[in-house]
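The values are calculated or read from the model by the stated rules, or taken from the named source; none is laboratory data. Worth saying up front: this structure is predicted, and the values here are computed from it rather than measured. Backbone-built Cβ (ideal geometry, glycine too); neighbour counts: all protein chains shown.
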Amino acid sequence: MWARCKADDDLDLLYREFTPIQKEVLPRHCDVITTGFDAGMMVDLIRLAAEGGYTPDLWVTPDLAGQGRPAPWMAFYAAQKLDLYPCPRL
């Protein structure tokens, strides 16, 4: 796999292989919720965070919004879901 330039297919394969491993270990490391997770990972994290007393009004991931940073879609997704309009500053 590494004898040639990395391509999107390679990255997709790595993502598919790594995601189950990450989901398995996340419950043991979720005191602080940060960035870098997809919606499937967040489901368990949000449940565990709620057990610890944290319940966000909304959580957004790149796969829900269509694309992550630097695109603004996650901010727009959050504004739409929270019914924030007009929103002169995002």
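Figures for the structure shown
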| read-out | value |
| --- | --- |
| Only one of Leu58, Leu64 that is among the aliphatic types (A, V, I, L, M), at pLDDT 90 or above and touching a Lys or Arg at 6+ places or on another chain (Cβ under 7 Å) | Leu58 |
| Any hit, region 58-73, residues being acidic (Asp, Glu), surrounded by fewer than 15 Cβ atoms within 10 Å (Cβ to Cβ) and under 14 Å from the mean Cα position of the chain (by Cα) | yes |
| Subset of region 69-85 [hydrophobic (A, V, I, L, M, F, W, C) and touching a residue at least 12 places away in the same chain (Cβ under 8 Å)] | Met74, Ala75, Phe76, Ala78, Leu82 |
| Region 67-90: number of residues that are part of a loop (DSSP other than H, G, I, E, B) and over 27 Å from Val25 (Cβ atoms) | 12 |
| Residue in region 38-45 that is in contact (Cβ under 8 Å) with a residue 12 or more places away in the chain, part of a helix (DSSP H, G or I) and either touching an Asp or Glu at 6+ places or on another chain (Cβ under 7 Å) or more than 15 Å from Lys23 (Cα to Cα) (or both) present | yes |
